[in-house]
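**Student:** This is the structure I want to talk about, given as structure tokens.
The values are calculated or read from the model by the stated rules, or taken from the named source; none is laboratory data. Here the structure is a predicted model, which means the values were calculated and not measured. A quick note on method: Cβ atoms are made from the backbone with ideal geometry, for glycine too, and the neighbour counts reach across all protein chains shown.
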Amino acid sequence: MEFIKIIEQTQEFNGNLNEYLKTSLESDNKDICKGWDFLKTNLTKPLKEILNYFDYWNLVYNSKKENEILSYYLIKYAEKYDLSEELKQQLGSFVYVWNDIKRECEKIQEEQNLKDKLLNENYILIEDLTNKEKLKEINNLKVNCVFNRDKIGLLGSFENTESHEGKFLFDENRNLLFFVPKGHSRTGQILRSRFYYKEIKNYSKPL
């Protein structure tokens, strides 16, 4: 698993939690929260254990995760932590950083699982959308296409990977490839990121 691999490869900080948080605050602030680079590249041994701990990831709120970390240290290592407000905030930054890393790893893993599944089902993967001649070759091809479909929700626009039957149309004027879903001859979506397709020879109804 990608996330476990990153935890294992992260260098170990030899010190207690207070020292770890203080050192992270003193490091360069190059990203969203203070000491981002330090927090994602250094872990104490107990923190490595916590991030491998299944129940920790069942906790929804960051504050509960912070309490879980402190409880883990207190119970397993019998150490007392009276963190200053600044260090408490930095513990919250640690939780945020590793939540973010885990989300990114899960996205990578999901994409790899999808890729393995579709290639095993004889889909063709197109990643280079700058090769216009290659895209022209699949113009008017009737296919099943797996792509990131544009969606609009309550919080704004987003993408969702979906599978649809339809055909490709290459727009010579705009030099773009469109996917037109079956039954929607007047609507389509520009393919801007990787997509998979498999040609379909026989349709119950024509496109």
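**Student:** Looking at the stretch 20-37, is at least one residue farther than 20 Å from Asp100 by Cα, part of a helix (DSSP H, G or I) and of a type in the set (A, V, I, L, M)?
**Tutor:** no
**Student:** Filter the stretch 61-95 for residues that are surrounded by 15 or more Cβ atoms within 10 Å (Cβ to Cβ) and hydroxyl-bearing (Ser, Thr, Tyr); which is farthest from Glu2 (Cα to Cα)?
**Tutor:** Restricting to residues being surrounded by 15 or more Cβ atoms within 10 Å (Cβ to Cβ) and hydroxyl-bearing (Ser, Thr, Tyr), the top hit is Tyr81.
**Student:** Can you list residue pairs whose Cβ atoms sit under 8 Å apart, with the first residue in the stretch 129-143 being in contact (Cβ under 8 Å) with a residue 40 or more places away in the chain and the second being assigned to a helix (DSSP H, G or I)? Count only pairs 6 or more apart in sequence or on different chains.
**Tutor:** If the second residue must be assigned to a helix (DSSP H, G or I), the pairs left are Leu129/Leu135.
**Student:** Moving on to the next point. If you go through the stretch 128-146, how many residues are farther than 16 Å from Leu176 by Cβ and either assigned to a loop (DSSP other than H, G, I, E, B) or touching an Asp or Glu at 6+ places or on another chain (Cβ under 6 Å) (or both)?
**Tutor:** Residues that pass the stated criteria total 2.
**Student:** Test Arg149 against the stated conditions and say whether it is in a strand (DSSP E or B), modelled with pLDDT under 90 and either within 20 Å of the chain's Cα centre (by Cα) or outside the structural domain of Gln112 (by TED's automatic domain parsing) (or both).
**Tutor:** For Arg149, the condition - in a strand (DSSP E or B), modelled with pLDDT under 90 and either within 20 Å of the chain's Cα centre (by Cα) or outside the structural domain of Gln112 (by TED's automatic domain parsing) (or both) - is met.
**Student:** Another question, if that's okay. Output the residue which, of all residues in the stretch 157-207 that are part of a loop (DSSP other than H, G, I, E, B), farther than 21 Å from Lys115 by Cα and small (Gly, Ala, Ser), is modelled with the lowest pLDDT.
**Tutor:** The qualifying residue modelled with the lowest pLDDT is Ser204.
**Student:** Go through the stretch 50-97 residue by residue and tally those that are in contact (Cβ under 8 Å) with a residue 40 or more places away in the chain and not in a helix (DSSP H, G or I).
**Tutor:** Total meeting the criteria: 4.
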